[in-house]
Amino acid sequence: MTTNSPETRPLLQWSAAMALSGTIGAVVIQSGAAAPAVAFARCLVGGTLLVLWCLACGWLRPWSLSRRDLALAALGGVFLVGNWVLLFASYALSSISVSTVVYHTQPLILVGLAAAFLGEKMAKNQLVRAGIAFGGVALIAIGAHGDDGKPVRLAGIALALGAAVLYAGASFVAKQLKHVRPHLLAAVQCVVGAALLAPALLVTPLPSNSTGLLWLALLGTVHTAIMYVLIYASIGKLPTTTVALLSYLYPVVAVVVDMLAYGHRLTWLESLGMLAVLVSARAPPRRGRRASAGPDVIRGSDPCGTRTPARRSR
């Protein structure tokens, strides 16, 4: 791929987004805040910036969302923020790398949800991959050690699996909202999440020190608003093969950060389990197809897009 290739910019954007995803765990830990407070801050800061982005791009209009769209977006928001709370809580009970890799069972869980609720048939290879992936989770549970050198707590792995289920639920709902701009959908979900989590601050308040607050501001600004913009600006312009391969940057960066910053050391059994999960949870991409974040991903250089999405009949 030459530097003049039209895919160069989205390639860099997607790679940056995946690499940023891999550092989320470290930011959460460094903030020193409890999981509900971290998720609230991410929703508040990231959601506010995404709303401003949508306003600047002219996407917040009376016809942007129907009542059904808004209800589904709110439901997806409940799943999304619940997934964040469980995932952030799992870091302290296992490790960043363990939680992140176990969390990557979500694509297979989504396939199961589609089979259960949409009547989609599961292919034999999907069932085999699911078995291998969850066998990998079992190997991780047996062989992994936390950052303190002790075996990981099964509660941490259970929370990561719960987070994967909720994220699959959010993705399942998003499949029903393909006509909605993904930036707008993410903004609505963050606003809903901030409203839901605000009461939790009475029990798990935000950090009282400026350092912790700065880490949370970083999470909301860079790892939410900017990261989402990078994702939605790039995913529709890249072949599915490229997106699938570069998505591995997320767990790989998380493992490297965990090892370098927190001294996590992989056991051979843990490594084998992680490999099983990551290989199995990635569906073989169809050749020549481009990944899609929905029909409203714009393929122009303007980050706000120049095309107005067609209005649905209400």
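For the stretch 5-148, what is one quarter of the convex hull surface built on the Cα atoms, given in nm²?
Numbers: hull surface 50.5 nm².
Seen from a random direction, the Cα hull of the stretch 5-148 projects 12.6 nm² on average.
Less than 11 Å Cβ to Cβ from Cys54, Lys/Arg counted +1 and Asp/Glu -1: what total charge do the surrounding residues give? Working shown, then result.
On the way: positive: Arg61, Arg181; negative: none.
Spelling it out: positives minus negatives among the neighbours equals +2.
Could you work out which residue, out of Phe117, Phe134, Phe79, moves most in a Gaussian network model of the chain, that is, has the largest mean-square fluctuation with Cα springs under 10 Å?
Phe117
What is the local net charge at Ala73, summed over the other residues whose Cβ is closer than 13 Å to its Cβ (Lys, Arg +1; Asp, Glu -1)? Before the final figure, lay out the partial values.
On the way: positive: Arg67, Arg68, Lys175, Lys178, Arg181; negative: Asp69.
In short, +4.
List the trypsin sites (Lys or Arg not before Pro) within the stretch 101-201 that DSSP assigns to loop and that have no more than 10 neighbouring Cβ atoms inside 10 Å. Can you show the working numbers first?
Working: sites: Lys121, Lys124, Arg129, Arg153, Lys175, Lys178; in loops: Lys121, Arg153, Lys178.
Answer in residue order: Lys121.
How big is the charge dipole of the stretch 126-226 about its Cα centre, in debye rounded to the nearest 20, if each Lys and Arg gets +1 on its Cβ and each Asp and Glu gets -1 on its Cβ?
Working: 6 positive and 2 negative charges, 76 e Å.
Roughly 360 debye for the stretch 126-226.
Give me the number: length gained by fully extending Leu214 to Ala116, i.e. 0.36 nm times residue separation minus the C-alpha to C-alpha distance, one decimal in nm.
Working it through step by step, the gained length comes to 31.0 nm.
Filter the DSSP H helices in the chain by two things, a Kyte-Doolittle mean of at least 1.0 and an axial alpha-carbon span of 24 angstrom or more, and list the hits by number. Numbers along the way, then the final one.
Values: long enough: 35-56 (31 Å, 1.81); 67-93 (39 Å, 1.24); 124-143 (28 Å, 1.13); 154-174 (30 Å, 2.00).
Flagged H segments are 35-56, 67-93, 124-143, 154-174.
May I ask for the net charge around Val173, where only other residues with Cβ less than 13 Å from the Cβ of Val173 are counted and Lys, Arg are +1 while Asp, Glu are -1?
Details: positive: Arg68, Lys175, Lys178; negative: Asp69.
That sum, taken over residues with Cβ under 13 Å, equals +2.
Which residue, chosen from Ala217, Gly82, Thr241, occupies the Cα position most advanced towards the positive end of the dipole of the chain, where the dipole is computed from +1 (Lys, Arg) and -1 (Asp, Glu) charges on Cβ about the Cα centre?
Thr241
Have a look at Leu87, Leu216, Leu154 and tell me which one the Gaussian network model of the chain (Cα, springs below 10 Å) gives the largest fluctuation.
Leu154
Enumerate the whole-percent occupancy of each 20 Å bin, from 0 to the last occupied one, for all C-alpha pair distances of the chain.
In whole percents, the pair-distance histogram is 32, 61, 7.
Counting only protein heavy atoms and a 1.4 Å probe, tell me what percentage of the chain's accessible area is made up of carbon and sulfur. Intermediate results must be reported in sequence, preceding the final value.
On the way: 9900 of 14780 Å².
Within the chain, the accessible surface is 67 percent carbon and sulfur.
Where only protein heavy atoms count, and the probe is 1.4 Å, what is the accessible area per residue for the stretch 23-178 in Å²? Each step should come with its number before you reach the end.
Working: 6560 Å² over 156 residues.
That works out to 42 Å² per residue.
Give the lysines reachable from Lys175 as a straight Cα distance under 27 Å; neighbours fewer than 8 places away on the same chain don't count.
Lys121, Lys124, Lys237
Residues with amide H under 5 Å of His145's amide H, sequence separation 5 or more or different chain, H placed in the peptide plane at 1.01 Å from N; which?
Long-range HN contacts for His145: Val152, Thr267.
Just how large is the dipole of the chain about the Cα centre, in debye to the nearest 20, putting +1 at every Lys and Arg Cβ and -1 at every Asp and Glu Cβ? Before the final figure, lay out the partial values.
Details: 25 positive and 9 negative charges, 270 e Å.
The calculated dipole for the chain is roughly 1300 debye.
Per 0.36 nm of contour for each residue apart, how much would the distance between Ala198 and Trp268 grow if the chain were fully extended, relative to their Cα-Cα spacing?
Fully extending the segment from Ala198 to Trp268 adds 21.0 nm.
The values are calculated or read from the model by the stated rules, or taken from the named source; none is laboratory data. No experiment lies behind these values; they were computed from the predicted model shown. Positions of Cβ are generated from backbone atoms using ideal geometry, with glycine treated the same way; all protein chains shown enter the neighbour counts. Areas reflect the complete protein model, heavy atoms only, side chains present, ligands, DNA and RNA absent. Shrake-Rupley method; radii C 1.70, N 1.55, O 1.52, S 1.80 Å.
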